[in-house]
Amino acid sequence: MQMLAKEVGEAIDVRYIVSCARVQEEARQGRIDLVAGAFYTLPRLDYMDYLHPPFQQTRSVIWTTQSYNLDYMKWADLKGLQGVTVINNSFCEDFDKFAKQSLKISTVASLDQAFVMLEKGRAQYLIYEDQPGWAHVGQKKITGMKALKAPVSNEELYLTVSQMSSCNVGDLRGKLSKALYKLKKDDVMTKLLDKHQQIWRQQNTAP
């Protein structure tokens, strides 16, 4: 975000909000101006404007404990199992619809709670993005978890502007979109992710 701020010549005060549900509500009420890393869903168009291009693609995957053997290759493999995810987390519209109709998935307020449910056997799998998940595992020094290779979905991540924000004006939206285009062309996100993945691995293997 600081690179984006430098490109547009505006200061951006970054707040990290753990709860996805709270992020959405803050954006809905206009208490935050920008959301970095939003999935594209139709309901969110009612209160956020999406800026193009998307700045990164993320994989949502199945997380389990190391000791649990789940042979997952397709969505239907999750039928009959108890899953968990973080409240208001959306993956892709097709999967969200399938999950609502065919799967048993509980929602919790935070990723910490979701991993605790896995550890205690109250859920057999967790659905969450792979890179943020590994970052959390490394930061919290959580052990005994694995992310399965087959993705649930591959989704684009967007920068959005709250429709209630006083910053939501054409001139700034244009500057932000041009900056996103430049940063994506320069492959900035891939370089940052590679750098921080090394840090996460070091944290996860440190005694």
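The values are calculated or read from the model by the stated rules, or taken from the named source; none is laboratory data. As the structure is a prediction and not an experimental result, all values here were calculated from the model. In this analysis, Cβ positions are derived from the backbone assuming ideal geometry, glycine residues included, and neighbour counts consider all displayed protein chains.
Here are a few things to note about the model shown:
- Yes/no for ARG15 being loosely packed, with under 13 Cβ neighbours inside 10 Å, at pLDDT below 90, closer than 26 Å to ILE142 by Cβ and not assigned by TED's automatic domain parsing to the domain that holds ASP112: yes
- Subset of the range 122-142 (residues that are more than 23 Å from ASP71 (Cβ to Cβ) and either of a type in the set (Ser, Thr, Tyr) or touching a helix residue (DSSP H, G or I) at 6+ places or on another chain (Cβ under 6 Å) (or both)): ALA135, HIS136, GLY138, ILE142
- Taken together, the residues in the range 50-67 that are over 14 Å from the mean Cα position of the chain (by Cα) and surrounded by fewer than 15 Cβ atoms within 10 Å (Cβ to Cβ) amount to 4.
Per-residue answers, yes or no, for (1) assigned by TED's automatic domain parsing to the domain that holds ALA27; (2) within 25 Å of VAL14 (Cα to Cα); (3) touching a Cys at 6+ places or on another chain (Cβ under 6 Å):
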position	(1), (2), (3)
PRO132	no, yes, no
LYS149	no, no, no
GLN163	yes, yes, no
GLY174	yes, yes, no
LEU180	yes, yes, no
LEU183	yes, yes, no
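- Checked against (1) surrounded by fewer than 15 Cβ atoms within 10 Å (Cβ to Cβ); (2) out of contact with any Ser or Thr (no Cβ under 8 Å at 6 or more places or on another chain); (3) not assigned by TED's automatic domain parsing to the domain that holds SER177, TYR72 meets all criteria but (1).
- Out of SER102, SER90, sole residue that is over 18 Å from THR64 (Cα atoms) and surrounded by 18 or more Cβ atoms within 10 Å (Cβ to Cβ): SER90
- Single unsatisfied condition, GLY37 versus (1) exposed (fewer than 15 other Cβ atoms within 10 Å of the Cβ); (2) at positive phi; (3) not hydrophobic (A, V, I, L, M, F, W, C); (4) not in a loop (DSSP other than H, G, I, E, B): (1)
- For the range 89-106, a residue qualifies if it is of a type outside the set (A, V, I, L, M) and more than 16 Å from GLY133 (Cα to Cα), and the qualifying residues are CYS92, GLU93, ASP94, PHE95, ASP96, LYS97, PHE98, LYS100, GLN101, SER102, LYS104, SER106.
- Residue count, the range 142-155 (criterion: under 15 Å from the mean Cα position of the chain (by Cα) and either part of a loop (DSSP other than H, G, I, E, B) or surrounded by fewer than 16 Cβ atoms within 10 Å (Cβ to Cβ) (or both)): 1
- Here the range 1-22 is the region considered, the condition is being free of Cβ contacts under 8 Å to residues at least 60 places away in the same chain and part of a helix (DSSP H, G or I), and the residue that is farthest from GLU155 (Cα to Cα) is LYS6.
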